[in-house]
Structures are given as C-alpha cells and as structure tokens.
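Read the structure below first, then the notes.
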Amino acid sequence: MNAVLGSGMSRKNKVHPLVLLDDNGERTIAGDVVRFSYGIPPVVVDAPIVERGGKLIGLCPGHNPPEVKLRSLRRYVGNWWRMPLLGRR
C-alpha cells in the first residue's frame, strides 16, 4: 500500500478494483449500464455491467465479441460512459 501511496496517489484518489471511472469521471460498478459505440456508421451499444471472476464485464449480446472486460474497453472503442440510473448519483 505504501508503494501505491508513494507514487503520488493519495488515499482518497485510490479506486477499488471493481470500480472503474468512465470518461466523465463517474464511478462505474456492477449493476450499471455503460454506453459506447463502434464502427462506421456508428453502432451504439448499451452494455449492462456484471462482476465475474473479480473483473467488471460488459454484456453486449448480438455483437462480436458478446462480452468485454470493462478495463480494456477503452482500448478498442475509445470512449465509454456510465448511463444514469434512477436513484444513483
């Protein structure tokens, strides 16, 4: 833990492994829905997020691949955002 804190990251900025930040800096957890698009013309995908094996996975049936690790999604599509859910900030 000290190695992490010594690298310039303070305790309040530390993010739990099963919480990722979207492109607006919003916390994303299992149970949320994220939106991203790919291709030309753009195909918009709303992917529900689940936890599996200690990782956050986006489910996108009907697309190839049908699921994606949320941590690596930005590498393939550029940007993704957590969709607002009622009762959650």
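Read-outs: derived from the displayed coordinates by stated rules, not from any lab. Since this is a predicted model, take the numbers as computed values, not measurements. All Cβ positions, glycine included, derive from the backbone under ideal geometry; neighbour counts span all protein chains shown.
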Problem set entry | Residues (out of contact with any Lys or Arg (no Cβ under 7 Å at 6 or more places or on another chain), of a type in the set (Val, Ile, Thr) and not in a loop (DSSP other than H, G, I, E, B)) located in the stretch 21-44 | 33, 43
For this session: State yes or no: is residue 73 closer than 18 Å to residue 25 by Cα and either acidic (Asp, Glu) or part of a strand (DSSP E or B) (or both)?
Result: no
Exercise. Any chance the stretch 37-52 includes a residue that's of a type in the set (D, E, K, R), surrounded by 14 or more Cβ atoms within 10 Å (Cβ to Cβ) and over 18 Å from residue 18 (Cβ atoms)?
Worked result: no
